[in-house]
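To start, the structure itself, in structure tokens.
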Amino acid sequence: MLTIKNLHASTNSKEILRGIDLEVGLGEVHAIMGPNGSGKSTLAQVLAGREVYEVTDGEVLYDGQNLLDLSPEDRARAGIFLAFQYPVEIPGVSNTYFLRSALNTIRKSQGLTEIDAMDFLALARKKLKVLDMDEALMNRSVNEGFSGGEKKRNEIFQMAILEPRLAIQDETDSGLDIDALKEVAHGVNSLRGPERSMIVVTHYQRLLNYIVPDFVHVLYNGRIVKSGKKELALELESKGYGWLEEEVAAGHTA
Amino acid sequence: MTAVKDYQGTYLAQFQAHEKDHAAGPGWLAEVRRAAIHRFAELGFPTTKDEEWKYTNVAPIAQVPFQPVAAASATATAESLAWSCFFELDCPRLVFVNGHYSPGISFLAGLPKGVTATRLAKAVSAGTPALEQHLARYADLQNSAFTALNTALMQDGGFIEIPRGAVVEKPIYLLYVSTGDGGPTISSPRTLILAGRECQATVIEGHIGFGEGTYFSNAVTEIVADENAVIEYSKLHQESRTASHVGTVRVEQARSSNVTTHSFSFGGALIREDLNAVLNGEGAEAQLNGLYLMTARQHIDHHTTLDHAQPHCASRELYKGVLDGQAAGVFNGRVIVRKDAQKTDSKQSNKNLLLSEEAVINTKPQLEIFADDVKCTHGATIGQVDQEAIFYLRSRGIGISEARKILTFAFANDIIDRVKFAPLRDRLRDALFQSLAKRSRKEPA
């Protein structure tokens, strides 16, 4: 469903992605790992349409259409969802209002009828229950004053409501204690299915104990330098990223 | 005096006509008026050389010979005012049209016993004793030409007197309407609110206008809060797009009184609002909130002064502005802490959202502290809609213009949320939605 070919992207005329190739099939979960500064988050944001990054070469096909031509909102309407590494606080806008507006905009673009306040509340309650989250979340301003864990859970909750076809998670595990991590992973796992693909960006292998990927890719210096099955993550965990850097320097990986 | 021709003389003539008609009122009031017109003659209209008027040019007022409207031609019907979301507010109201009381669309049912809400002109002719003691005793006509002019020419307005201990559930609404007919016209609405000890009341003062005619509304309001009184006062502007409004609100607070003011501005071509609150008794508290939404070539100037004259008083001030088009805003907020006002606790902030390249805001929070044991902070911000937040909303499928609207709404709604009377909050949100809808239509699809 997603094909990335030779993707190059820069910000402030500094090249960060230097030729990414990646193929994600329907229902697959791909983990992207790599050291700090390798370009993981940039890749996630470029896919969501973040305008601070300029795509200088390559293409991204999503269900056969050119993704890079679409505005961020049109990507969301087409079923792409980014769980932010740093979710933005929006004082004065309630989570309920925000999510219902988002859901209805997406529904409208798909030719579906808008969902009213009562039905939305029922839907939200159902999802909160599945995710084991507190209903109080709904009436608070979007992410305002949320703890790190609450923010990440709120991202997963949004994902559960909007039901994307391609969910990209940008370091959903960063800064979480083990209990919060398990909860977030539980949420993500409950959303896995044959019609939904996922890209899980993470710095640490730990998350992948709980969200077990089908494929693992290692990003280094703006390129994918190694791909494999879930076992690759374990290898990285025991050996660290250092050996990869040596291999890349010696030209052993392609 | 001033190089440009102004029509100061027009008002001196109007004053003389008043005196001839014996419209100046009883002796004490006639005396106050004479002092006021003399002071107005001395001061003249301010110019931008005057520090207090540096960014606001009153030429649209000074260079037009505004005339008062005769009572007979000052009419409006409920139907002709239905356009304004501030007309029906589900509370007792006194309506004045072009400066004259309009009994047909006023009603005062539901006021508790002992509470006075009436026309100032009627209270004056009835010889109400509190008037001589309070009317024109607070608003400073020595340093303000506009207050002097209002005092000299005022004919009518709202007079509210809440007796000791009374709790008034519903707000009392004073609505000043300008029709713009037969312009250019002037009205000089005058409001006096006397809040007795331990009373509790809400007053809304609305200024709405329509039509193509030019008019100038020069309003002065005095609010006197006795010990322990709790008062919430809102001033609304929905003046017509060619109107000028100069408003002066003077608040006098006794010991342990608590006064909250809200200022909401949606309309008008030129608006100047002076709000001066004197915390003149220990433990008094004041909250000053403001919201202005300006577009096109609208100009709004807020000058507020919080005068901490006694110890242990607290004040909180937050004014927020949204400026679009070529609109210009001025915020000048002074907090004065007098020598004896130890333990003052004051916070002041002015936040502005500029939605266009050409919108301008001049903001100047000022602190003047003469006491040594106080806690005071102040600050101002000017910015655009947060780009991170815009992207966040877009990444969830919300279109860019809707995203801007949501964020602007949230910014402004913060002030509306502070109003306690729910029907007014709803109407303010309506006005906010209307204002934002007008803006978003201008954006490319």
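Return the residue satisfying two criteria in turn: it lies in region A:203-254 and is part of a helix (DSSP H, G or I) and of a type in the set (Gly, Ala, Ser), and of such residues it is farthest from A:LEU17 (Cα to Cα). The selected residue is A:SER238.
Among all positions in region A:90-110, there is no residue which is more than 14 Å from chain B (Cβ to nearest Cβ) and in contact with a helix residue (DSSP H, G or I) (Cβ under 9 Å, 6 or more places away or on another chain). Of all the listed residues (B:THR377, B:THR381, B:THR363), the sole one being touching a Lys or Arg at 6+ places or on another chain (Cβ under 7 Å), away from chain A (no Cβ under 14 Å), of a type outside the set (A, V, I, L, M) and touching a residue at least 24 places away in the same chain (Cβ under 8 Å) is B:THR377.
How many of the residues in region B:302-330 are crowded, with 24+ Cβ neighbours inside 10 Å and under 14 Å from the mean Cα position of the chain (by Cα)? Number of matching residues: 3. May I ask you to verify whether A:ILE199 is β-branched (Val, Ile, Thr), under 15 Å from the mean Cα position of the chain (by Cα) and either within 14 Å of another protein chain (Cβ to nearest Cβ) or in a helix (DSSP H, G or I) (or both)? Taking the combined requirement at face value, the residue does not satisfy it. Looking only at residues of region B:35-61 that are surrounded by 19 or more Cβ atoms within 10 Å (Cβ to Cβ) and among the β-branched types (Val, Ile, Thr), we find that the one that is farthest from B:PRO129 (Cα to Cα) is B:THR56. Just the residues that are surrounded by 14 or more Cβ atoms within 10 Å (Cβ to Cβ) and within 23 Å of the chain's Cα centre (by Cα), please, taken from region B:363-381. Within region B:363-381, B:THR363, B:LYS364, B:PRO365, B:LEU367, B:HIS378, B:ALA380 qualify. Taking (1) within 14 Å of chain A (Cβ to nearest Cβ); (2) in a helix (DSSP H, G or I); (3) in contact (Cβ under 8 Å) with a residue 24 or more places away in the chain; (4) crowded, with 22+ Cβ neighbours inside 10 Å in turn, B:LEU353 satisfies each apart from (2). Is one or more of the residues making up region B:8-28 closer than 30 Å to B:ILE361 by Cβ, surrounded by 18 or more Cβ atoms within 10 Å (Cβ to Cβ) and either touching a residue at least 12 places away in the same chain (Cβ under 8 Å) or among the polar types (S, T, N, Q) (or both)? Within region B:8-28, none of the residues are closer than 30 Å to B:ILE361 by Cβ, surrounded by 18 or more Cβ atoms within 10 Å (Cβ to Cβ) and either touching a residue at least 12 places away in the same chain (Cβ under 8 Å) or among the polar types (S, T, N, Q) (or both). Looking at B:ALA117 and the list (1) outside any strand (DSSP E or B); (2) in contact with an Asp or Glu (Cβ under 9 Å, 6 or more places away or on another chain); (3) surrounded by 18 or more Cβ atoms within 10 Å (Cβ to Cβ), which single condition is not satisfied? Of everything listed in (1) outside any strand (DSSP E or B); (2) in contact with an Asp or Glu (Cβ under 9 Å, 6 or more places away or on another chain); (3) surrounded by 18 or more Cβ atoms within 10 Å (Cβ to Cβ), B:ALA117 misses just condition (1).
Just the residues that are aliphatic (A, V, I, L, M), surrounded by 14 or more Cβ atoms within 10 Å (Cβ to Cβ) and over 13 Å from A:ALA160 (Cα atoms), please, taken from region A:97-122. Even if it seems obvious, please write down each step before you answer.
Going residue by residue through region A:97-122, those that are aliphatic (A, V, I, L, M) are A:99, A:102-103, A:106, A:112, A:115, A:117-118, A:121-122.
Subset that is surrounded by 14 or more Cβ atoms within 10 Å (Cβ to Cβ): A:99, A:102-103, A:106, A:115, A:121.
Once the filter is applied, which keeps residues that are aliphatic (A, V, I, L, M), surrounded by 14 or more Cβ atoms within 10 Å (Cβ to Cβ) and over 13 Å from A:ALA160 (Cα atoms), region A:97-122 yields A:ILE106, A:ILE115, A:LEU121.
I'd like the residue in region B:132-186 that is touching a strand residue (DSSP E or B) at 6+ places or on another chain (Cβ under 6 Å) and of a type in the set (S, T, N, Q) and, out of all such residues, is surrounded by the fewest Cβ atoms within 10 Å (Cβ to Cβ). So the residue we want is B:THR185. Scoring B:ARG404 on the criteria (1) part of a helix (DSSP H, G or I); (2) of a type outside the set (Asp, Glu); (3) within 14 Å of chain A (Cβ to nearest Cβ); (4) within 24 Å of B:GLU317 (Cα to Cα) leaves a single failure, condition (4). Taking (1) out of contact with any helix residue (DSSP H, G or I) (no Cβ under 8 Å at 6 or more places or on another chain); (2) aliphatic (A, V, I, L, M); (3) in contact (Cβ under 8 Å) with a residue 60 or more places away in the chain in turn, A:ALA136 satisfies each apart from (3). Close Cβ contacts (under 8 Å, 6 or more residues apart or on different chains) running from residues in region A:4-29 that are within 20 Å of A:LYS229 (Cβ to Cβ) to residues that are of a type in the set (Ser, Thr, Tyr) and surrounded by 20 or more Cβ atoms within 10 Å (Cβ to Cβ) comprise A:VAL24/A:SER197; A:GLY25/A:SER197; A:LEU26/A:SER197; A:GLY27/A:SER197; A:GLU28/A:SER197; A:VAL29/A:SER197. For region A:123-139, indicate whether the set of residues that are within 14 Å of chain B (Cβ to nearest Cβ) and either in contact with a strand residue (DSSP E or B) (Cβ under 8 Å, 6 or more places away or on another chain) or surrounded by fewer than 21 Cβ atoms within 10 Å (Cβ to Cβ) (or both) is non-empty. Scanning region A:123-139, I find at least one residue that is within 14 Å of chain B (Cβ to nearest Cβ) and either in contact with a strand residue (DSSP E or B) (Cβ under 8 Å, 6 or more places away or on another chain) or surrounded by fewer than 21 Cβ atoms within 10 Å (Cβ to Cβ) (or both), so the answer is yes. Here B:VAL32, B:VAL64 are screened, and the one residue that is in a helix (DSSP H, G or I), assigned by TED's automatic domain parsing to the domain that holds B:PHE266 and either closer than 23 Å to B:LEU135 by Cα or touching a Pro at 6+ places or on another chain (Cβ under 8 Å) (or both) is B:VAL32. Every condition in (1) closer than 24 Å to A:LEU236 by Cα; (2) under 17 Å from the mean Cα position of the chain (by Cα) holds for A:ARG50 except the one numbered (1). Taking first residues from region A:60-79 that are facing chain B (nearest Cβ under 8 Å) and partners that are in a helix (DSSP H, G or I) and not hydrophobic (A, V, I, L, M, F, W, C), the Cβ contacts under 8 Å between residues at least 6 apart in sequence or on separate chains come to A:SER71/B:ARG394; A:PRO72/B:ARG394; A:GLU73/A:THR105; A:GLU73/B:ARG394; A:ALA76/B:ARG394; A:ARG77/A:THR105; A:ARG77/A:SER109. Which condition from (1) touching a strand residue (DSSP E or B) at 6+ places or on another chain (Cβ under 7 Å); (2) surrounded by fewer than 20 Cβ atoms within 10 Å (Cβ to Cβ); (3) not acidic (Asp, Glu) is the one that A:ARG206 breaks? Only one criterion is unmet by A:ARG206, namely (1). Annotation: A:LYS151 fulfils all but one of (1) modelled with pLDDT of 95 or more; (2) more than 8 Å from every other protein chain (Cβ to nearest Cβ); the unmet one is (1).
If a residue has to be outside any strand (DSSP E or B), of a type outside the set (A, V, I, L, M) and within 20 Å of B:ARG137 (Cα to Cα) to count, how many in region B:210-230 make the cut? Steps first, please.
Initial filter on region B:210-230 (outside any strand (DSSP E or B)): B:210-214, B:226-229.
Cutting the leftovers down to of a type outside the set (A, V, I, L, M) gives us B:210-214, B:226-228.
If we keep only those that are within 20 Å of B:ARG137 (Cα to Cα) too, we end up with B:226-227.
Summing the residues that are outside any strand (DSSP E or B), of a type outside the set (A, V, I, L, M) and within 20 Å of B:ARG137 (Cα to Cα) in region B:210-230 gives 2.
Quick check on region A:111-121. Is at least one of its residues free of Cβ contacts under 8 Å to residues at least 24 places away in the same chain, on the phi > 0 side of the Ramachandran plot and not hydroxyl-bearing (Ser, Thr, Tyr)? Yes: one or more hits. In region B:283-298, the residue that is nearest to the chain's Cα centre (by Cα) out of those that are surrounded by fewer than 22 Cβ atoms within 10 Å (Cβ to Cβ) and in a strand (DSSP E or B) is B:ASN289.
The values are calculated or read from the model by the stated rules, or taken from the named source; none is laboratory data. None of these values were measured; they are calculated from a predicted model. Heads up, the Cβs are rebuilt from the backbone with ideal geometry, glycines too, and the neighbour counts pull from every protein chain shown.
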